[in-house]
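Participant: Take this structure first; my questions come after.
The values are calculated or read from the model by the stated rules, or taken from the named source; none is laboratory data. Since the model is a prediction, treat every value here as computed from it, not as a measurement. Note that we place each Cβ from the backbone using ideal geometry, even for glycine, and neighbour counts take in every protein chain shown. Only protein heavy atoms, including side chains, enter the accessible area calculation; ligands, DNA and RNA are left aside. Shrake-Rupley method; radii C 1.70, N 1.55, O 1.52, S 1.80 Å.
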Amino acid sequence: MLLGPPKSKAGRRIVGIPDAIIPALRSHLSVFVKDEPGALVFPGAMGGPLRRGNFNKMSAWPHAVESIGMVGLHFHDLRHTGNHFAASSGARLRDLMARMGHDSERAAMIYQHEAQGADKTITDAIDTHVQGQKHKNDEDGSAGTLAPAG
């Protein structure tokens, strides 16, 4: 196995880490990661990379997912969940692409489509605007008056 640069230019990027997981990340780093430049965040037993063939055994992944009642959860599902949360935040497509490391809009659009709660957010924002205008019109006596758009 050779470690090298990411497969795309988008693979090398800075991504924010939610404050809620920083304590767990610090704990993990102090226990499992060597204090040296280039150390892997999720190393194998000898400090080298985990391999796909022994990932479950070395990481105790099946035990971990069973203990939280999520049998069948794959490691890559964590990325999928994070991307879904990012898309649900209302971020613009380009911002999502940068965070996810996607070069194509097609890949990022998968998560935008899954953020179906966005339509309710948009509808609520329109309703707030309309209600605000209605209240304003009631105050200045222009309620029920049609006005040209634009």
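Participant: With the requirement that a residue be open to solvent by 90 Å² or more (accessible area, probe 1.4 Å), of a type in the set (A, V, I, L, M, F, W, C), closer than 23 Å to residue 4 by Cβ and more than 25 Å from the chain's Cα centre (by Cα), what does the stretch 19-57 give you?
Facilitator: 46
Participant: Separate question: Looking at residue 73, is it in contact with a Gly (Cβ under 8 Å, 6 or more places away or on another chain), aliphatic (A, V, I, L, M) and surrounded by 10 or more Cβ atoms within 10 Å (Cβ to Cβ)?
Facilitator: For residue 73, the condition - in contact with a Gly (Cβ under 8 Å, 6 or more places away or on another chain), aliphatic (A, V, I, L, M) and surrounded by 10 or more Cβ atoms within 10 Å (Cβ to Cβ) - is not met.
Participant: I'd like to check something: does the stretch 86-101 contain any residue that is more than 30 Å from residue 122 (Cα to Cα) and part of a loop (DSSP other than H, G, I, E, B)?
Facilitator: no
Participant: I want to confirm something. Restricting to the stretch 22-71 and keeping residues that are touching a helix residue (DSSP H, G or I) at 6+ places or on another chain (Cβ under 8 Å) and assigned to a helix (DSSP H, G or I), which single residue is modelled with the highest pLDDT?
Facilitator: 62
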